[in-house]
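Colleague: So that we are looking at the same thing, I have put the structure below in structure tokens.
The values are calculated or read from the model by the stated rules, or taken from the named source; none is laboratory data. Quick caveat: nothing in here was measured; it's all calculated off a predicted structure. With ideal geometry, Cβ positions are generated from the backbone for all residues, glycine too; neighbour counts draw on all protein chains shown.
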Amino acid sequence: MRIRILFTLFFAIGVHLVSAQQDSSFLPPHPYLALQKPAIFMVVDYHQKESKDALFYTLVALVFLLGFIKTAFPKYFQNLFKLFFQTSLRQKQTKEQLAQDSFASLLINLLFLLTAGLYITLIIQYNHWSSLYFWLLYAYVTIILAIIYLGKYLFISFAGWVFNNSSSASSYLFLVAVVNRIMGVVLLPLTVLLAFASIEIAAVVATISFGVVTLLFIYRYFVSFGLLRSDLQLNPFHFFLYLCAVEILPMALIYKLLVENMG
């Protein structure tokens, strides 16, 4: 009988405690326990770290392409840098050796387009100049680079044919191709650092790479002026007009197009 009474008493206390937990009105009010106010909740948006696996494998593919060119065409690779560092680019034997290997030229031109496109895309992303998806922007930049150099090749070839001076046009196009190929090789390690370095190191790499690209362009214009001055009796003012019309103006128009439609 006593056990039954105790069991009933414990059961009643348990029911009362459960009902008290469900209704906290029996507790006295307290300034630090706002039990009578609606519950406060916060939706947490967890940070999702951006994966760089696709960028890593893209750079691995570019390094593999460079290694394949270096291994499969060692003489071409050697002649390319030998011709670049020569005091005069009129070394016919070296130029002919480079011109004969068309497949190696095609591969290293492809390396330049892909590397330069990726480098420009990383610079745009680093400076937050566009909100486009990274790989879509990379495709746009690479296609625009290809269109620019294809258009320049057609324009200069046509001008050389019209003015009956195809040899000078061919020499200038060959110089542009040599500098671009060297640029593609030089930019590849800088692009790797720019892709995976910290923000502080990436800023230094971006500055160094910009200086390297600027020096290569200055070298190209300086040597090309020396090549064309004797053949075409070219003066610095005419060459400056050419740079403004063919080099600077198209890039400025493309930049304005990108800022208005992609920025």
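Colleague: State whether one or more residues within segment 187-208 are in a helix (DSSP H, G or I), at pLDDT 90 or above, within 20 Å of I120 (Cβ to Cβ) and hydroxyl-bearing (S, T, Y).
Modeller: Yes, because at least one residue in segment 187-208 is in a helix (DSSP H, G or I), at pLDDT 90 or above, within 20 Å of I120 (Cβ to Cβ) and hydroxyl-bearing (S, T, Y).
Colleague: A further question follows. Taking into account only those residues within segment 138-170 that are within 19 Å of I108 (Cβ to Cβ) and of a type in the set (G, A, S), which is modelled with the lowest pLDDT?
Modeller: Step by step, filter segment 138-170, then rank; the result is S170.
Colleague: Under 7 Å by Cβ, and 6 or more places apart or on different chains, what pairs join a residue from segment 54-74 that is surrounded by fewer than 11 Cβ atoms within 10 Å (Cβ to Cβ) with one that is outside any helix (DSSP H, G or I)?
Modeller: Nothing qualifies.
Colleague: Looking at segment 125-132, is at least one residue farther than 21 Å from S102 by Cβ, over 21 Å from the mean Cα position of the chain (by Cα) and in contact (Cβ under 8 Å) with a residue 60 or more places away in the chain?
Modeller: For segment 125-132, residues farther than 21 Å from S102 by Cβ, over 21 Å from the mean Cα position of the chain (by Cα) and in contact (Cβ under 8 Å) with a residue 60 or more places away in the chain: absent.
Colleague: Return the pairs, sorted by first residue and then second, in which the second residue is modelled with pLDDT of 80 or more and of a type in the set (V, I, T), the first residue lies in segment 156-171 and is within 19 Å of V223 (Cβ to Cβ), the beta carbons are less than 7 Å apart, and the residues are 6+ apart or on different chains.
Modeller: Within 7 Å, the pairs are A169/I156.
Colleague: Identify all residues within segment 119-143 that are assigned to a helix (DSSP H, G or I) and among the small types (G, A, S); write none if there are none.
Modeller: A139
Colleague: Next up: If you scan segment 147-174, which residues turn out to be of a type in the set (A, V, I, L, M, F, W, C) and either under 25 Å from G226 (Cβ atoms) or surrounded by 15 or more Cβ atoms within 10 Å (Cβ to Cβ) (or both)?
Modeller: I148, L154, F155, I156, F158, A159, W161, V162, F163, A169, L173, F174
Colleague: How many residues are within 18 Å of L113 (Cα to Cα) and charged (D, E, K, R) when one looks only at segment 182-225?
Modeller: Matching residues across segment 182-225 total 1.
Colleague: Next up: Just checking, which of W129, W135 is at pLDDT 90 or above, farther than 18 Å from P189 by Cα and not acidic (D, E)?
Modeller: W135
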